[in-house]
Amino acid sequence: MTIHSETKPRILILGAGAIGSFYGSLLDAAGADVSVVCRSEYDAVSTGGFSITSRKLGDRTFRPAQTLKSASDYQGGPPDYLVVSVKVVEGTDRAALIRPALGPDTVIVLIENGVEIEAEIAEAFPGHELISALAFVQVARTAPGKVAHYAYGDLTFGNYPSGISERTRRFAALLETGGIRCNLTEDVSTARWHKCMWNGVFNPISVLGNALDTGHILGGAEGDALVRRAMQEVAAIAAATGHPLPDELPSQLVEGTRKAPAYKTSMALDYENRRPMETEVILGNAVRAGRREGVAIPVLESLYALMKMVERKLESEAASTSV
């Protein structure tokens, strides 16, 4: 691979919302040439950059090298790394968004939610190295161009379908220079099932409870029991797909969540703000994998069916208000 500058790698962030702008600011702080594609906040960001508040890392202003409305507008040659942090909702053609900015040696980095999300991109761009990354972070957009980082920030990632390349190690070194810890894994698919055990359970329950926070979800014995049953089903699916998880993981996740300050999941925030929710990649893909592998998953199937009912209700409400 040809890196355009050994000291200043070129990075393009596709989808500079809270997640993309936060990690983009860390790469910028590490000395990379970081540009962003952001449509809805283009005016605010092109004028003043991103204002990011963080008690852990310190407040900062991140001014992208280029602020773009489309990846096709990127100037100066292709990026060394194309970081994709768009929400994976129904109707999003990620390959079409990615294609205009790719050069022959561009590494694609997915910082997105969900399980079994990589195959679509790997099949569309078989000649490109693909890094799959999971963010463990509490961060939110508070206004156009303004992002609040509340806690955590670690990334777990590796090459898809497996391995850790030198270019992956270099990307990790940049992020760690920027101030966060990176956990590299040879088996990123198992890491995604690990995260699904939390995301695929707490996210839908939070929505179905009308934007419950984690404290309310675990506040009674009934909620605790429901969470644990659903997590056991995720574990059964993961094992059936060849990615077994530790037996103690459900208890570790529940107790860790109980000890942390109560907060609303990303899907609960999307629900409250009537934004599209990542139901399919966070929960639907897990349900489909369970069905494919012949695993009994009555709790997850119930949560998924109820989430689809909620989505249809929201779509109906949106249609009626737009008339």
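The values are calculated or read from the model by the stated rules, or taken from the named source; none is laboratory data. Just so you know, these numbers come straight off a predicted model, no measurement behind them. With ideal geometry, Cβ positions are generated from the backbone for all residues, glycine too; neighbour counts draw on all protein chains shown.
The figures follow:
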{"read-out": "Residue in the range 18-35 that is farther than 23 Å from GLY127 by Cα, in contact with a Leu (Cβ under 9 Å, 6 or more places away or on another chain) and of a type in the set (Val, Ile, Thr) present", "value": "yes"}
{"read-out": "Criterion: surrounded by fewer than 22 Cβ atoms within 10 Å (Cβ to Cβ), aliphatic (A, V, I, L, M) and more than 17 Å from the chain's Cα centre (by Cα) - qualifying residue of ALA96, ALA119", "value": "ALA96"}
{"read-out": "Given (1) farther than 21 Å from ASP154 by Cβ; (2) in the same structural domain as THR168 (by TED's automatic domain parsing), index of the condition ASN210 fails", "value": "(2)"}
{"read-out": "Among (1) without any contact (Cβ under 8 Å) to a residue 40 or more places away in the chain; (2) over 23 Å from ALA211 (Cα atoms) - the single one HIS243 does not satisfy", "value": "(1)"}
{"read-out": "Any hit, the range 103-120, residues being modelled with pLDDT of 95 or more, in contact with an Asp or Glu (Cβ under 6 Å, 6 or more places away or on another chain) and over 24 Å from MET277 (Cβ atoms)", "value": "yes"}
{"read-out": "Filter result (under 16 Å from the mean Cα position of the chain (by Cα), among the aliphatic types (A, V, I, L, M) and closer than 21 Å to ASP224 by Cα) within the range 250-284", "value": "MET267, ALA268, ILE282, LEU283"}
{"read-out": "Filtered residues of the range 44-79 (kept if out of contact with any Ser or Thr (no Cβ under 7 Å at 6 or more places or on another chain), at negative phi and either assigned to a loop (DSSP other than H, G, I, E, B) or surrounded by fewer than 12 Cβ atoms within 10 Å (Cβ to Cβ) (or both))", "value": "THR47, ARG55, LYS56, LEU57, ARG63, LYS69, SER70, SER72, GLN75"}
{"read-out": "One residue from ASP247, ASP224 being in a helix (DSSP H, G or I), at pLDDT 95 or above and either of a type in the set (D, E, K, R) or within 18 Å of the chain's Cα centre (by Cα) (or both)", "value": "ASP224"}
{"read-out": "Long-range neighbours under 9 Å by Cβ, at least six apart or interchain, first residue assigned by TED's automatic domain parsing to the domain that holds GLU112 within the range 274-297, second surrounded by fewer than 22 Cβ atoms within 10 Å (Cβ to Cβ)", "value": "none"}
{"read-out": "Qualifying positions in the range 117-141 - touching a helix residue (DSSP H, G or I) at 6+ places or on another chain (Cβ under 8 Å) and either part of a helix (DSSP H, G or I) or polar (S, T, N, Q) (or both)", "value": "GLU120, ILE121, ALA124, SER132"}
{"read-out": "Residue tally, condition outside any strand (DSSP E or B) and in contact with a Ser or Thr (Cβ under 6 Å, 6 or more places away or on another chain), over the range 103-116", "value": "1"}
{"read-out": "Out of MET277, MET309, MET231, sole residue that is closer than 22 Å to VAL207 by Cα and touching an Asp or Glu at 6+ places or on another chain (Cβ under 7 Å)", "value": "MET277"}
